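Novice: Let me give you the structure first, and then I'll get to my questions.
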Amino acid sequence: MGQAIIAAIAADPRLVLGGAVERAGHRSIGTPLGHGLTICTNSSALAHNCDVLVDFTSPDALDANLDAACATRTAIVVGTTGLDARHDIAIDRAARDIAVLQTANTSIGVTVLASMVEAAAKRLADWDIEILDLHHRDKRDAPSGTALALGEAAARGRGTTLAAVRTTVRDGVGPARVAGAIGFAALRGGSAAGDHMVVFAGDGERIELIHRAESRDIFASGAVRAAAWLAGRPPGRYTMADVIG
């Protein structure tokens with residue numbers, strides 16, 4: 001994702017790359033980026049040199065990147081997934097001082113899909129909802145952050161929370177499906193960039209809303225579009241829906 005974002009920045013005449021950060025000990029540290037820049041380990045130094053940070057790292061790295069952004073009053077796009085309640089609290093705290101756009105997926109198509117899911121869930125109140133995601137073999141979190149975000153959209157459409165209706169584990173012989181539940185299934189294999197399907201299953205008919213990512217470049221271009229939009233915004237939490245209106 002880092003390489004894809006660097007390429008997307010280079011292709012956008014509005015933007016200039018301010019630098020890049022990797023974890024200490026990574027083999028890419030010191031790699032030249034052009035214009036006198038190299039990949040470094042200091043997110044604070046990077047934040048001093050930027051209007052917007054774009055974070056596609058890991059949950060363990062998010063706190064330090066948020067701290068760097070807050071210290072320099074630099075906006076930040078957070079595309080890292082696998083976050084928990086502690087990270088949400090940290091993002092809320094940072095958003096008091098800086099503009100933060102946090103999303104599980106920077107794809108424009110997925111952003112539109114989420115609005116479609118919410119609308120369908122509201123209108124199909126008694127239909128069953130199942131969400132499936134397929135990702136490459138190295139993806140560690142399951143269900144994906146995008147799958148969970150789609151589940152949250154469906155739950156909003158139903159006037160509830162995902163925590164109240166989420167079902168993720170089915171194995172062996174168990175009870176029948178609970179009415180109103182939102183089910184998840186996660187597939188991992190190969191080099192799949194990310195496919196998501198939301199199934200609305202009624203009696204005698206079914207609606208399937210599907211988004212297939214053919215390349216990671218769509219996430220990079222969406223992140224760069226979000227960064228350009230976020231620059232100069234007042235403190236607060238923003239989403240990709242704000243970016244595309």
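The values are calculated or read from the model by the stated rules, or taken from the named source; none is laboratory data. Fair warning: this is a prediction, and the values are worked out from it, not measured in the lab. So basically every Cβ, Gly included, is an ideal-geometry build from the backbone, and we count neighbours across all protein chains shown.
Novice: Is one or more of the residues making up the range 113-120 surrounded by fewer than 18 Cβ atoms within 10 Å (Cβ to Cβ), among the small types (Gly, Ala, Ser) and either at pLDDT 95 or above or not in a loop (DSSP other than H, G, I, E, B) (or both)?
Specialist: There is at least one residue in the range 113-120 that is surrounded by fewer than 18 Cβ atoms within 10 Å (Cβ to Cβ), among the small types (Gly, Ala, Ser) and either at pLDDT 95 or above or not in a loop (DSSP other than H, G, I, E, B) (or both).
Yes or no, residue by residue, for (1) at pLDDT below 95; (2) outside the structural domain of VAL198 (by TED's automatic domain parsing); (3) buried (at least 18 other Cβ atoms within 10 Å of the Cβ); (4) not aromatic (Phe, Trp, Tyr):
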residue: ARG123; (1), (2), (3), (4): no, no, no, yes
residue: THR161; (1), (2), (3), (4): no, no, no, yes
residue: VAL169; (1), (2), (3), (4): yes, no, no, yes
residue: GLY183; (1), (2), (3), (4): no, no, yes, yes
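Yes or no, residue by residue, for (1) touching a His at 6+ places or on another chain (Cβ under 9 Å); (2) at pLDDT below 95; (3) of a type outside the set (Lys, Arg); (4) at positive phi:
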residue: ALA192; (1), (2), (3), (4): yes, yes, yes, no
residue: ASP195; (1), (2), (3), (4): yes, no, yes, no
residue: GLY204; (1), (2), (3), (4): no, no, yes, yes
residue: ILE207; (1), (2), (3), (4): no, no, yes, no
residue: ILE210; (1), (2), (3), (4): yes, no, yes, no
residue: ALA226; (1), (2), (3), (4): no, no, yes, no
residue: PRO234; (1), (2), (3), (4): no, no, yes, no
residue: ARG237; (1), (2), (3), (4): no, no, no, no
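Novice: Can you report the number of residues in the range 143-188 which are of a type in the set (A, V, I, L, M) and assigned to a loop (DSSP other than H, G, I, E, B)?
Specialist: Going through the range 143-188 one residue at a time, the tally reaches 6.
Novice: Is it the case, given these coordinates, that ALA220 is among the aliphatic types (A, V, I, L, M) and surrounded by 14 or more Cβ atoms within 10 Å (Cβ to Cβ)?
Specialist: Taking the combined requirement at face value, the residue satisfies it.
Novice: Does the range 85-117 hold any residues that are more than 17 Å from the chain's Cα centre (by Cα) and acidic (Asp, Glu), and which are they?
Specialist: Once the filter is applied, which keeps residues that are more than 17 Å from the chain's Cα centre (by Cα) and acidic (Asp, Glu), the range 85-117 yields only ASP97.
Novice: For the range 115-153, how many residues are touching a residue at least 60 places away in the same chain (Cβ under 8 Å) and among the charged types (D, E, K, R)?
Specialist: 5
Novice: State whether the residues of the range 14-23 include one that is within 20 Å of THR80 (Cα to Cα), assigned to a loop (DSSP other than H, G, I, E, B) and in contact (Cβ under 8 Å) with a residue 40 or more places away in the chain.
Specialist: Taking every residue of the range 14-23 in turn, none turns out to be within 20 Å of THR80 (Cα to Cα), assigned to a loop (DSSP other than H, G, I, E, B) and in contact (Cβ under 8 Å) with a residue 40 or more places away in the chain.
Novice: Sticking with this structure for a sec: Within the range 84-102, count every residue that is surrounded by 22 or more Cβ atoms within 10 Å (Cβ to Cβ) and under 18 Å from SER58 (Cα atoms).
Specialist: 4
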